[in-house]
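Worksheet: the structure to be examined is printed underneath.
Quick note: the coordinates plus some simple rules give every number you see, no bench work behind them. This is a predicted model, so every value here is computed, not measured. Note that we place each Cβ from the backbone using ideal geometry, even for glycine, and neighbour counts take in every protein chain shown.
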Number of protein chains: 4
Amino acid sequence: MKTRTSRQQQALETKSKLIDAALRTFSRKGFSESTTKDIAKEAGVTDGLIYHYFQSKEDLLWAILDKYTLLHSIRQALAAMDKQASLEHNLTAYFQALFRNLREQQDLIVMCFGEAQRNPEIRARVEEIIRTGVELLHAFVAPLVRLDPQELLVAIRNVQTSMVFYFLMTARFADDDTQSTEYIRTSVKQFLKIVA
Amino acid sequence: MKTRTSRQQQALETKSKLIDAALRTFSRKGFSESTTKDIAKEAGVTDGLIYHYFQSKEDLLWAILDKYTLLHSIRQALAAMDKQASLEHNLTAYFQALFRNLREQQDLIVMCFGEAQRNPEIRARVEEIIRTGVELLHAFVAPLVRLDPQELLVAIRNVQTSMVFYFLMTARFADDDTQSTEYIRTSVKQFLKIVA
Amino acid sequence: MKTRTSRQQQALETKSKLIDAALRTFSRKGFSESTTKDIAKEAGVTDGLIYHYFQSKEDLLWAILDKYTLLHSIRQALAAMDKQASLEHNLTAYFQALFRNLREQQDLIVMCFGEAQRNPEIRARVEEIIRTGVELLHAFVAPLVRLDPQELLVAIRNVQTSMVFYFLMTARFADDDTQSTEYIRTSVKQFLKIVA
Amino acid sequence: MKTRTSRQQQALETKSKLIDAALRTFSRKGFSESTTKDIAKEAGVTDGLIYHYFQSKEDLLWAILDKYTLLHSIRQALAAMDKQASLEHNLTAYFQALFRNLREQQDLIVMCFGEAQRNPEIRARVEEIIRTGVELLHAFVAPLVRLDPQELLVAIRNVQTSMVFYFLMTARFADDDTQSTEYIRTSVKQFLKIVA
DNA sequence: GATGAATGAGACTTCATTCAT
DNA sequence: GATGAATGAAGTCTCATTCAT
């Protein structure tokens, strides 16, 4: 009684499978060290099939970026904030959500940071995500604090990039969240001292 | 008092030339995208010579890391601080020196960050530099402020990684230092609010 | 009853073609002097294809040894002997068959002897073939003669290796079989003097 | 008080040292697998020096063949025979001397047989040695036996090549001479049955 | 849609050889 | 005579990409 996935459906799934396989592979070994054979194997298909769906290996990279973005989850986390709660509580919750999202999309993040230095288009993408992320948080925090908007931008930018950096270098290798939680708490407290 | 190491001297220079050429090439195109031909050309020698001095292309990577380290310049910048001056002044001066050093060793930095995500040994190296950098600055600042040492560590870690991040994503592409200077000033001011 | 293995069939043939091309090339120039380009050209394919079928150039060597062996034809020659005929007649026929087989598999033989001195695995292979060849002939001759089995083994070993040596150094360059035939006849006669 | 070896003397020794080093290296790894670096290292000199004494790597091969030959020791062994003793005794002694010589010049033998299949000039050399060896032994044995000269030639050729083969495949890897001695005794006995 | 055989450019590396010192 | 830095051709192997089936 299974829903007969139409041929088109099947094709979409294969394409999606390939994108995800490519993401995992790129994140693990980097773009150039990943071979199309690796990706095909990871996706459980044969070599040639990649070129039925994508023009080139690089095309797969863009397909990944088209499929995934961090911003969506950032928006979600911000939307979920409780207007009644304290800023400290909300920021802590936000950064915890951010860490969860980073962890969920770890492959994407790691790949993007790995490639950003050598691939201008990826770097532009990363920059845009950071900028938008900063702006979104800024829009949320600005009405609640007295700090000059320009300075607030710097503060937000700094705390946000510190977080991502901490995730990349430390948090993602940790077994549990104890340290991260403590780190977030401290960072938020310090951020509040700035913006108070 | 003999200067007639001319032959040996020449060899050392060639080796050094190769390391520097490799650094430039790796930083520009990444490790895997850099070919040994590229490197040889950049150094102005023929391909084969690389293997007279190094066991492999990867060996060149380690040779680069052996030759250069950021820590030396960090130490210098800290040593140059004026004990009589205000903390704000000193920190600003320190971060400006850091930015100058980052710019001078731009190739190394960019390469390290590019490779760190996929090369565990490079990542370990980057981590160590960050950790030591944080410790050095911590040792300088701790006696001058009242903040709990653990929290101070987080504050320093955050401000330092933010700086590096800012350099990587923004400052290194800027034509002049106006923006960076402003950014540093603001960041230092905010840091002081935390540690005060 | 399907013959539509055409695709797979084609692949098997290409692989086989590569093995044969490698055998010819190795036998003509030796293993190290043979380049993969040589082999590919001899097989009428492009370089890269070798690595679709084999892991390495050396792998081709083992594939050759897996595909071919002298022992089969030795067994055939022994099986074809006429129990009614005289030992002299049978031995002569056997060695003539051996020479024909050596000539047919000349490439293999020459390659094996060329590589045996420097490649222990090949030498082991050659030793095994000689040993088995001696044992097979011994099993056939032993019941027909009175010589002590140990001594018979030496006699058989000697006559057999002499034959192979003669083939390698002389017979394979001769235009016709006249000399070889005479040589075989004489050698058999002398062998009979020993075992009588 | 050391005898001042003149510069010329020194040069001759270096050259000789290089030839011997090349022989050892070629015999161990084969001609093509031996690099000039290997040889220089084995001789305890630097790379370039080879080309001060020899035109090319191949030139070293010819120098080896010029310096060494088996025939001299074969002649010696034959000359040492005792005209009063039995043929059996003399032949046994001769083959034992041959084995000793083969063992002493093992490197040369192994190298020659390894290269003979792919290098016509080496093969010619090997053929000549075998032919001359056969002729020398023939000249010694012929007056003492009644066998037809042509047949005697075959018998001698066979026993001699069997011996060399046995040495190459078996004797040279044995720790002691027990087996070889037994083998020689048996072979000689069988040879005598032929020529008696 | 899917397969995997086939291509060919190019990567890393080796090595015989030359030559300035 | 001796050194070893330097050259450059060539070899093994990889891999993105194509295409007949």
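What trypsin sites (Lys or Arg not before Pro) in the range D:1-76 are in a loop by DSSP, with at most 12 other Cβ atoms within 10 Å of the Cβ?
D:2, D:4
In terms of Cα to Cα distance under 16 Å, which lysines are near enough to residue A:193, apart from those fewer than 8 places away along the same chain?
List returned: B:189, B:193.
Once you order the gyration tensor axes a ≥ b ≥ c over the Cα atoms, which shape class does the range C:1-91 get: rounded for a/c under 1.5, otherwise prolate or oblate by comparing a/b with b/c?
oblate
Could you work out the relative contact order of the range A:1-157, using alpha carbon pairs under 8 angstrom and six or more residues apart, expressed as a whole percent?
22
With a cap of 10 neighbouring Cβ atoms within 10 Å, and only residues DSSP puts in a loop, list the trypsin sites (Lys or Arg not before Pro) found in the range C:91-196.
C:146
What distance in nm separates the simple spin-label points at residue C:14 and residue C:51, each placed 7 Å from Cα in the Cβ direction?
Those two pseudo-labels are separated by 1.6 nm.
Please tell me which of these pairs span more than 30 angstrom C-alpha to C-alpha: D:29/D:67; A:41/A:67; B:15/D:29?
B:15/D:29
Which whole number gives the average, over all residues in A:113-122, of C-beta atoms from other chains lying within 10 Å of the residue C-beta? Display every interim value, and only then the final one.
Values: counts 5, 8, 4, 5, 14, 13, 3, 0, 0, 0.
Shielding by partners across A:113-122 averages 5.
Can you tell me what percent of all Cα-Cα pairs in the protein assembly as shown are more than 37 Å apart? Intermediate values should be presented prior to the final figure.
Details: 191930 of 306936 pairs.
For the protein assembly as shown, the fraction of Cα-Cα distances above 37 Å is 63 percent.
How many angstrom separate the Cα center of the range C:151-196 from the Cα center of the range D:80-146?
18
Dividing the alpha-carbon Rg of the range B:155-194 by 2.2 N^0.38 Å yields what?
On the way: Rg = 10.4 Å, N = 40, 2.2 N^0.38 = 8.9 Å.
Taking N as the residue count of the range B:155-194, the ratio is 1.16.
So what is the relative contact order of the range A:1-90, in percent, for Cα pairs below 8 Å that sit 6 or more residues apart?
23
If you put a point 7 Å past Cα along the Cβ direction, how far is that point for residue D:178 from the same point in each other copy, in nm, smallest first?
Counterpart label points of residue D:178 in the remaining copies fall at 5.1, 6.8, 9.6 nm.
How big is the range D:92-196 by Rg and Dmax over its Cα atoms, in Å?
Cα-based Rg and Dmax for the range D:92-196 come out at 14.3, 40 Å.
Between helix D:149-169 and chain D, what is the angle of the helix's C-alpha long axis to the longest principal axis, kept within 0 to 90° and rounded to the nearest 10?
50
Assuming a ≥ b ≥ c are the square roots of the Cα gyration tensor eigenvalues, decide whether chain B counts as rounded (a/c under 1.5), prolate (otherwise, with a/b larger than b/c) or oblate.
Details: a/c = 2.35, a/b = 2.00, b/c = 1.17.
Judged from the Cα gyration tensor, chain B comes out prolate (a/c at least 1.5, a/b above b/c).
In nm, one decimal, shortest first: how far is the label point of residue B:14 (7 Å from Cα along Cα to beta carbon) from the matching points in the other copies?
Going from nearest to farthest copy, the values are 2.1, 4.4, 5.4 nm.
What list of ³J(HN,Hα) values in whole Hz, one per residue of the range D:11-18 in order, does the Karplus curve 6.51 cos²θ - 1.76 cosθ + 1.60 (θ = phi - 60°) give from phi, with Gly and Pro shown as x?
Whole-Hz 3J(HN,Hα) from phi for the range D:11-18: 4, 4, 5, 4, 4, 4, 4, 5.
Across the residues of A:154-165, average count of Cβ atoms on other protein chains within 10 Å?
Average per residue, whole number: 6.
Report, to one decimal in Å, the Kirkwood hydrodynamic radius for the range A:111-173 based on all distinct Cα pairs.
12.8
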